[in-house]
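What follows draws every value from the coordinates through simple rules; no lab data is involved. Values in this document were obtained by computation on a predicted structure and should not be read as measured data. Note that each Cβ is placed from the backbone with ideal geometry, even for glycine, and that neighbours are counted across all protein chains shown.
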Amino acid sequence: MSSSAKTGPGHPDSVTGFPPLEFKFIAMNLVVRLLPTGWKFWGNSILLKTPVGESAPVSLPEPYTWTWAGPEEIDFLARHPEATSRSAYARRAARGDRCLCIKQGTDIVGYRWFKLKTGCVLCGFGPKREIIPFPLRPGQAFSFDLFTYQKYRGRGVATMLMKILFQVLREEGAKEVLSLVAPTNHASLRLQMRFGAQPQRMVYNYRIRSWSKTFLGPEGDTRLTEWMQQFKSSTSGR
């Protein structure tokens, strides 16, 4: 596949088109921090890529079942006290994002979202907040918002969600899954790397009111190396 067909600047698989970030990174942080504006956001994430691979069909232990989120499940997510944004779930579903839910009886115990066209930051939080950092190419999926409700944590729900996600995507022809993880979220990094995720780039996102910008870090980004060293140090005794 030629690089011009599906990659190029703005796509996470591109290896060209990204000038040195040091000046831009420092300048953007200063601009976003100091401008007397309304709502603003800045943050960095580690871009992970995981091959879907082959595995045996997944069967959940009792009493758990899984389902796609329909109107009833979306309403449950929005009304739950641990909801991250009560309107984001409906926006995601309305545009075609899909949500896998694990249930115990009628209660949802955890969920995982994915989409097939673009990545996202603050996914579904509305056009004035959401950031679209990069497009996807055929065979890729973007997975986000893996969440287990507090009283069900420690029971392997996140692992079950990951297994179901890969089974579903494999059946639909996906070859790899991209995701963005905060560098300090060692639990998510540890879980995803157990499934074969490999760090690719740092992703730097900025928003000031209706304006947004994403910088993809270069290969060999020293910040990515530093974050991964911290992660390995924190998990070396586990």
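What are the principal axis extents of the Cα atoms in segment 128-185, in Å, biggest first?
For segment 128-185, the Cα spread along each principal axis is 37, 34, 21 Å.
As an exercise, use a Förster radius of 41 Å and the Cβ-Cβ distance of Trp42 and Trp68 to find the FRET efficiency, rounded to the nearest 0.05.
E between Trp42 and Trp68, to the nearest 0.05, is 0.75.
Across segment 115-238, how many lysine pairs, 8 or more positions apart or on different chains, have C-alpha atoms separated by under 28 Å? Please give the number.
15
Please state, as a whole number in µm²/s, the translational diffusion coefficient that the Stokes-Einstein equation yields for segment 72-160 at 37 °C and 0.692 mPa s, with Rh defined as the Kirkwood radius across alpha carbon pairs.
D = 238 µm²/s.
I need the fraction of alpha carbon pairs in segment 48-200 separated by more than 21 Å, rounded to a whole percent.
So the portion of pairs separated by more than 21 Å is 43 percent.
Given R₀ = 30 Å, what would the calculated FRET efficiency be for Thr235 paired with Thr106, taking r from the Cβ atoms and rounding to 0.05?
In this case the efficiency is close to 0.25.
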